[in-house]
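In what follows, a structure is listed as structure tokens, so that the remarks can point back to it.
The values are calculated or read from the model by the stated rules, or taken from the named source; none is laboratory data. Just so it is clear, the structure is predicted and the values come from calculations on it, not from any experiment. Here the Cβ positions follow ideal geometry from the backbone for every residue, glycine too, while neighbour counts run over all protein chains shown.
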Amino acid sequence: MSFRYLALGDSYTIGESVQETERFPNQLATLLANDGVAVEVTIIARTGWTTDELWQGIQAETVTPPYDMVSLLIGVNNQYRGRDIKEYREGFIFLLQKAIEYAGGDAKRVIVFSIPDWGVTPFAYGRNTTQIADEINAFNKVNHEEADTAGVHYVDVTPISRMALNDKSLIASDGLHPSGKMYAEWAKSALPVALSILK
């Protein structure tokens, strides 16, 4: 039998500028398969989506719970567009509750991923990268707090994203999004949690 994994998010989940096989949910499924755990991946994500747009996107799709595992990575576009952090918290709590619902009501089957820091990418040249980093940290403080409150798993990929400052091979050809190489590191970070959920 194969487990069902639902990945919810934005450009970082749909893997903007990389091949489908290089997206982090797909790479995670490959790593799980290497461990003898078969996983079927469903992704609801689009580049540019904020919290409210992700919810609109979910409503436009056919969601068939319960899923064996659900991941949520959302918020960079709220930060990028200068949206209010309180609004982000409200939207994030709502989406996290939906993620738990889709996991059959089991919080231990849900993984929240932190927001990566796009301030280290070529796209951010000439911008206030300290301010970007501070804002990303503030948004991640919110999603980490809410993940802990809800009792879900949390995988912090932000430090991995910041390694791109000195290693451009971690950035995709568009100069903004992670490369398949960086997504491989995210998948490796999430593997122990995914195994604990599915084994």
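Observations on the structure shown:
- Condition met for A147 (among the aliphatic types (A, V, I, L, M), at pLDDT 95 or above and within 13 Å of I74 (Cα to Cα)): yes
- Residue among A45, A60, A29 that is exposed (fewer than 15 other Cβ atoms within 10 Å of the Cβ) and aliphatic (A, V, I, L, M): A60
- Filtered residues of region 160-187 (kept if in a helix (DSSP H, G or I) and either touching a His at 6+ places or on another chain (Cβ under 7 Å) or of a type in the set (D, E) (or both)): E185
- Considering residues of region 97-108 that are outside any helix (DSSP H, G or I) and among the small types (G, A, S) only, the residue nearest to V39 (Cα to Cα): A103
- The set of residues in region 64-79 being crowded, with 16+ Cβ neighbours inside 10 Å and farther than 23 Å from A190 by Cα consists of N78, Q79.
- Helices (runs of 4 or more DSSP H) fully within region 1-96 counting 2 or more residues that are among the hydroxyl-bearing types (S, T, Y): 11-14
- Consider region 108-150 and keep the residues that are among the acidic types (D, E) and in contact with a strand residue (DSSP E or B) (Cβ under 9 Å, 6 or more places away or on another chain). The one that is nearest to R83 (Cα to Cα) is E146.
- Filtered by the rule that a residue be among the acidic types (D, E) and over 24 Å from L95 (Cβ atoms), region 2-45 gives E22, D35.
- The number of residues in region 167-199 being out of contact with any helix residue (DSSP H, G or I) (no Cβ under 9 Å at 6 or more places or on another chain) and at pLDDT 95 or above comes to 3.
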